[in-house]
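Contents: one structure, followed by commentary.
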Amino acid sequence: NLKWKFESSLNNLVSVHKLYCKPKVPLSKEMQQVFVTGNIDDIRKHFLKLMTYCANDVKATFEITQKVYPMFEARFPHPVTLSGMLEMSRMVLPINNNWTRFISEADRTFESINSDIQHVLMQIANEACHQAIDQKYKNDPWLWDLNWTTQSMRFLKSSKAKPSMTKVEETTDNPIFKIAGNIWPTQAMIDDDTDSKIAPSQEIKKVLGTYSTLAKIQPHMPGYPSWYRDLCMKQSKDDITDEESSWKPGPQLISTKMRVVPKLLRLTWLGYPLHYDEKYGWGYLVPGLEINEEDLEEKSDFPYDAIKQVCIETKPFERSQTNMELQVIDDNL
């Protein structure tokens with residue numbers, strides 16, 4: 001299990017040179033600090049040693065290239081791969097204003113790509129949330145074990161609820177209307193001061209009139225499954241009235257680091273659906289022995305037939321077999 005330690009190294013020149021070239025004397029980086037902490041006088045004083053240090057670094061890089069390039073060529077024989085790496089890489093770091101421009105362009109590119117990734121993940125999360133309809137998630141090989149529990153809206157007792165239809169017609173200061181006015185049909189009215197006022201249309205008066213029946217404190221996104229709520233920002237009362245609020249609707253908190261993402265992306269390993277187990281971590285589900293449910297003490301919600309169908313479609317058994325140490329197999333298979 002520790003064999004990988006002798007076939008890999010840290011990502012620095014000394015370690016990589018030691019791994020591939022196995023020199024009798026390790027590469028010295030003693031003079032490196034002169035370039036970091038020294039001044040121009042220190043460089044003049046140790047000029048010959050510093051030039052020797054730089055030359056040894058170039059020599060070590062050349063020796064590593066002699067070892068690594070044949071392996072690269074064997075693994076990636078097409079010249080397009082090499083030309084792509086040369087085009088994207090920078091052999092010399094700029095020391096003028098181009099360096100600042102390079103960082104700015106890299107940051108903008110990262111933000112653009114990251115925004116696109118988040119947008120796609122949000123769309124996938126919204127589509128997966130629809131699996132709650134008719135409990136379709138129970139037959140999904142990836143979504144079946146997510147937390148699909150929901151919370152209900154809280155209402156006041158009927159004795160405390162007071163009708164507020166007249167208030168709704170007279171004012172639009174209610175926070176619930178500030179949201180509704182942007183969604184449902186409204187009627188615009190112009191007063192003498194030419195200031196615009198928004199009045200609720202007939203279609204939503206009854207809806208707004210039920211506002212007084214709601215409890216003051218409501219759960220976060222009632223009606224939505226728990227795993228989806230964890231991806232959404234919580235909205236406070238100030239967020240409703242503050243036009244500059246950072247709150248945004250939808251699963252804005254989703255990222256590639258979240259455990260739910262591989263399931264939403266419906267990832268497989270060698271054709272088998274990925275699965276996360278609290279005890280063993282990430283693994284993959286392999287159809288095994290079918291057990292008659294009548295023989296089980298408790299009925300399982302595990303979607304065995306759906307997983308078996310995925311394996312039939314992806315045909316993992318026809319792929320090249322590798323020695324995998326981690327397999328998470330459900331006890332009921």
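Derivation of every value follows stated rules applied to the coordinates shown; laboratory data play no part. As the structure is a prediction and not an experimental result, all values here were calculated from the model. Every residue, glycine as well, gets a Cβ built from its backbone with ideal geometry; the counts of neighbours run over all protein chains shown.
Between Phe110 and Thr65, full extension at 0.36 nm per residue minus the direct alpha carbon distance yields a gain of 13.3 nm.
Sorting Asp305, Asp41 by the number of Cβ atoms found within 10 Å of their own Cβ, with the fewest placed first, yields Asp41, Asp305. For Asn39 and Asn97, what does the FRET efficiency come to when R0 = 41 Å and r is the distance between their Cβ atoms, rounded to the nearest 0.05? Approximately 0.95, to the nearest 0.05. Loop-only check: which trypsin sites (Lys or Arg not before Pro) in segment 1-34 are DSSP coil with at most 16 other Cβ within 10 angstrom? Of the trypsin sites (Lys or Arg not before Pro), the ones in loops of segment 1-34 whose Cβ has at most 16 other Cβ atoms within 10 Å are Lys24, Lys29. Taking the alpha carbon gyration tensor of segment 3-88, multiplying each eigenvalue by 5 and rooting it gives semi-axes of 31, 18, 11 Å, largest first.
Amide hydrogen proximity for Gly288: with H placed 1.01 Å from N in the peptide plane, no residue at 5 or more positions away or on another chain lies under 5 Å. Amide hydrogen proximity for Leu156: with H placed 1.01 Å from N in the peptide plane, the residues at 5 or more positions away or on another chain lying under 5 Å are Leu214, Ala215.
Here the label points at Lys18 and Ala215, each 7 Å from Cα along the C-beta direction, are separated by 6.2 nm in the simple model. Residue order for Thr149, Thr52, fewest other beta carbons within 10 angstrom first, comes to Thr149, Thr52.
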